[in-house]
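Enquirer: Sharing a structure here in structure tokens format.
The values are calculated or read from the model by the stated rules, or taken from the named source; none is laboratory data. Since the model is a prediction, treat every value here as computed from it, not as a measurement. So basically every Cβ, Gly included, is an ideal-geometry build from the backbone, and we count neighbours across all protein chains shown. All accessible areas refer to the heavy atoms of the entire protein, side chains included, with ligands and DNA or RNA removed. Shrake-Rupley method; radii C 1.70, N 1.55, O 1.52, S 1.80 Å.
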Amino acid sequence: MRNRTVQLIAKKELVDTLRDRRTLFIALLLPLLLYPALLLGLTGIIGATQRNLASDEQRILLDGVDTASELGDLLRAQKLEPVAGDSDDAILPQRVAELLADIGHDEKNDGARGQLRLLLKKHSYAGAIVCDPGFVANLGASKRAFVSLVFDSTDEASKVARGKVARALKAFADARRSELKGRLPSQLDLIQFAEAPVQRKPIELASLSQRGAYSFAPMLGLLIVVMALTGAFYPAVDLAAGEKERGTLETLLVAPVTRQEIVLGKFVAIWIIAIVTALLNLFVMGITFSKLAGMMGTGKIAFDLPASAVVIVSVILIPTAALFSAIALALSSFATSYKEGQHYMSPLFLAAMPLAMVALLPNIELGYGIALVPVANVVLLVKSMLLGGHAMGPALVATGAMVVYAGLAIAAAVSIFKRESVLFRTGAGRGFDASSLRASRAGLPVPAHGLLAFFSTLALMFFLSGKVATSAAAVRGFFLTQFVAVLLPCVLLAKKLKLNLKATFALRMPRPSQALMAIVAGVSSVLVVIGLYVGFMPERQETGFEEIIKLLFAEVPPWLFVVMLAVIPPVCEETLCRGFVLSSLRERFGVRTAVIVSALLFAALHLDVYRLPSTFLAGIVLGFILVRTGSLLASILCHAAFNGVVAVANYWPWLATRVEALDGVTVGCAAVVLSLVLVFFARQVPPPAPVASDPADPVDLGETSSTVH
């Protein structure tokens with residue numbers, strides 16, 4: 001073997017691979033943009049969903065000791081709520097004692113264990129502390145006292161509560177030990193007792209199979225998603241890109257069938273393969289995990305798949321496989337070869353895997369919010385069903401959401417397959433459509449440029465984020481986020497692409513009346529939003545954003561605080577969202593879609609699920625104002641007025657009092673004012689859109705590019 005020849009061939013293959021821009025994009029640039037965006041989005045969703053169990057106050061059944069005793073005080077110091085059993089139900093302590101006696105007589109009595117588990121859950125107890133008869137008397141007589149600690153190792157709240165109880169009991173035992181040693185230093189037998197005055201008897205509520213499900217359920221949900229995605233991946237590439245490469249697609253297109261029938265036929269074939277693949281893997285994984293649980297040793301964990309769980313998992317698998325099949329078919333339709341199809345499919349894996357790993361995180365349960373997140377809702381539903389969960393409401397929402405997403409993906413696949421430019425592209429050139437040509441010749445960005453700017457912003461926000469402990473760090477992080485992450489990418493892209501800056505960023509002055517009405521729109525909008533949130537939205541725990549605002553308010557000068565809230569974010573965020581992003585979407589998709597999509601991206605940019613409705617509606621208003629005035633400054637003024645009310649209220653007690661105590665009449669008046677302002681803008685004649693620089697261009701630029709869609 002000649003090493004020189006091997007090196008030359010290896011060099012040649014590396015050069016050929018790296019010459020492919022798609023490979024470089026998929027391997028380097030896409031993960032750099034996609035993963036930070038996914039992680040930031042998931043952080044916001046999880047932050048709104050994940051229970052902060054350490055700071056939450058769990059209810060604990062305390063039987064045998066007065067809740068006002070020293071032990072009760074120590075439990076409350078650990079952020080627990082000790083509750084006497086008979087306060088909820090007079091016979092509850094007796095029923096708990098009977099079930100504990102049954103478990104004590106037979107440790108394998110899963111029936112009694114399950115009844116006790118359901119009984120505590122019914123009364124919203126995270127666990128129980130059951131003191132043996134004579135607990136207080138024994139301690140008073142310098143005798144050991146026994147206590148049963150009843151907890152569920154498969155429930156996150158119960159696990160956290162068990163740790164809190166252990167710390168409280170340790171403090172209680174330390175107090176007894178110190179008291180005894182101080183009172184009787186010479187009596188060694190009592191001092192020996194003092195080393196362990198309270199003996200704990202742990203009682204596990206979860207059965208072996210439930211503990212096995214707790215161990216394997218997150219991994220099982222993750223593997224089901226992977227198998228469903230893999231099952232759809234290769235057939236989709238073969239039935240779309242592979243058929244193009246073999247030259248057999250044309251034969252199918254000239255047959256007496258419609259494009260929709262072709263797409264649906266291919267989709268059904270891919271869908272069936274994906275479902276069968278996932279179900280077979282589910283069956284094999286169930287057997288494998290059962291065997292693995294047995295190998296861990298008798299009495300530790302067990303694993304089985306209940307029939308009810310299998311049915312529910314199969315039901316949710318149907319729309320999940322449909323979603324992956326439709327997306328895979330749509331993406332592979334763009335490819336001209338099997339290799340190119342694999343490049344297009346890789347982003348699907350990159351996007352799905354972080355979402356599927358949500359089930360591996362602690363303290364995350366299926367709720368109504370996360371039930372709307374694709375893939376994450378599937379793995380959490382699988383986890384919930386295997387653990388015996390009864391969250392039927394979120395389960396139905398998750399299933400319905402996946403059905404809707406699958407339907408949208410199928411509609412997108414049909415629409416893509418109807419485009420001749422997609423089916424018969426040769427792979428050479430960039431393949432501009434008419435709208436892209438119009439935008440390019442008018443000096444405007446195209447949708448790909450807008451998405452690149454947005455995801456670059458999210459990536460920079462992720463990499464520039466850090467722990468904020470001081471006001472100096474908060475100010476530095478704020479300026480870095482706004483100027484480097486939000487403003488810089490779109491400005492650099494505009495310069496790099498040599499865009500028409502005046503057209504791209506709507507750099508024109510609004511009329512005085514428009515500027516005044518934009519400010520009125522901002523003030524009335526914030527009053528409406530605050531009123532709606534106070535009246536209809538549930539309270540939430542303080543987030544990192546609120547903590548930073550409080551830190552800045554306490555330590556920075558008032559003028560800087562107002563500038564940081566009411567000036568800099570409106571300028572930077574409007575330049576990105578209403579300037580660059582909206583301009584990139586407007587020519588291709590029309591004004592209405594561009595305003596809605598830019599508002600969605602604007603809401604996502606704030607990384608706060610709780611504020612998502614308000615920021616989305618604000619984005620709609622801001623986009624509408626920009627379209628009707630043709631001025632970015634008008635939307636900046638509206639945004640500044642919105643933020644300014646919040647900033648000034650921190651320093652003006654009169655305004656803060658009235659904002660916090662908004663009544664229905666005030667909110668209604670603000671809504672009427674906002675409606676009148678929007679009517680004013682609706683009657684404004686928007687300026688003409690920019691036209692191509694070459695008037696002799698054969699592409700029709702007349703009506704489409706000079707009017708508002």
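Enquirer: Roughly how many nanometres apart are two label points built 7 Å out from the Cα toward the Cβ at GLU555 and TYR368?
Expert: A separation of 3.8 nm, rounded to one decimal place.
Enquirer: Keeping all protein chains in place, calculate the accessible area per residue for the range 214-267 (probe 1.4 angstrom), answer in Å².
Expert: Numbers: 2240 Å² over 54 residues.
Roughly 41 Å² per residue, with all protein chains present.
Enquirer: Indicate the gyration tensor shape class of the range 446-522 (rounded, prolate or oblate), computed on the Cα atoms with a ≥ b ≥ c the square roots of the eigenvalues: a/c under 1.5 is rounded; otherwise a/b larger than b/c is prolate and the rest oblate.
Expert: On the way: a/c = 2.77, a/b = 1.28, b/c = 2.16.
Cα axes put the range 446-522 in the oblate bin.
Enquirer: Related question: Which far-off residues, 5 or more places away or on another chain, put their amide H under 5 Å from the one on GLN58, with H placed in the peptide plane?
Expert: Answer set, sorted by chain and number: GLU81.
Enquirer: Can I ask one more? Can you send over the solvent-accessible area of PHE483, 1.4 Å probe, protein chains only, in Å² to the nearest 10?
Expert: Solvent-accessible area, nearest 10 Å²: 90 Å².
Enquirer: Among the listed pairs LYS121/LYS159; LYS244/LYS266; LYS121/LYS143, give every one whose C-alpha distance is greater than 23 Å.
Expert: Working: LYS121/LYS159 14 Å; LYS244/LYS266 14 Å; LYS121/LYS143 34 Å.
The answer is LYS121/LYS143.
Enquirer: Report the calculated FRET efficiency for VAL679 and LEU507 (r = Cβ-Cβ distance, R0 = 30 Å), to the nearest 0.05.
Expert: Working: r = 26 Å, r/R0 = 0.88.
The value I calculate is 0.70.
Enquirer: Hey, another quick one. For the pair ARG246/LEU264, report the inter-label distance in nm, with labels modelled 7 Å from Cα in the Cβ direction.
Expert: If labels sit at ARG246 and LEU264, their model points lie 2.4 nm apart.
Enquirer: Something else now. Ranked highest first by the average count of other Cβ atoms within 10 Å around their residues, in what order do 594-605, 133-144, 393-404 fall?
Expert: Values: 594-605: 21.9, 133-144: 13.5, 393-404: 18.3.
The packing order, highest mean first, is 594-605, 393-404, 133-144.
Enquirer: Here's something else I'd like to know. Determine the gain in length on full extension of the stretch ALA411-GLU98; use 0.36 nm per residue of separation and subtract their C-alpha separation, reporting nm with one decimal. Intermediate values should be presented prior to the final figure.
Expert: Values: separation 313, 0.36 × 313 = 112.68 nm, distance 5.88 nm.
Difference between extended and current length: 106.8 nm.
Enquirer: Then there is this: Within the range 309-325, what residues put their amide N at less than 15 Å from the label point 7 Å along the Cα-to-Cβ vector of MET392?
Expert: 309, 312
Enquirer: Residue by residue, what Karplus-based ³J(HN,Hα) values in Hz, rounded to whole numbers, does the range 395-400 have, using 6.51, -1.76 and 1.60 with θ = phi - 60° and x for Gly and Pro?
Expert: With the stated coefficients, the range 395-400 comes to 5, 5, 5, 4, 5, x Hz.
Enquirer: If I ignore ligands, DNA and RNA and count only protein heavy atoms, how much of ASP155 is accessible to a 1.4 Å probe, in Å² to the nearest 10?
Expert: 30 Å²
Enquirer: Per-residue accessible area for CYS131 at 1.4 Å probe radius, Å² rounded to 10?
Expert: 10 Å²
Enquirer: To continue, here is another question. Please list 3J(HN,Hα) in residue order for the range 154-167, calculated via the Karplus relation 6.51 cos²θ - 1.76 cosθ + 1.60 where θ = phi - 60°; whole Hz, with x for glycine and proline.
Expert: 9, 10, 5, 5, 5, 5, 5, 4, 4, x, 5, 5, 4, 5
Enquirer: Among HIS639, HIS123, what's the order by accessible area (1.4 angstrom probe), most exposed first? It would help to have the intermediate numbers written out before the result.
Expert: Details: HIS639 10, HIS123 35 Å².
Largest accessible area first, the residues go HIS123, HIS639.
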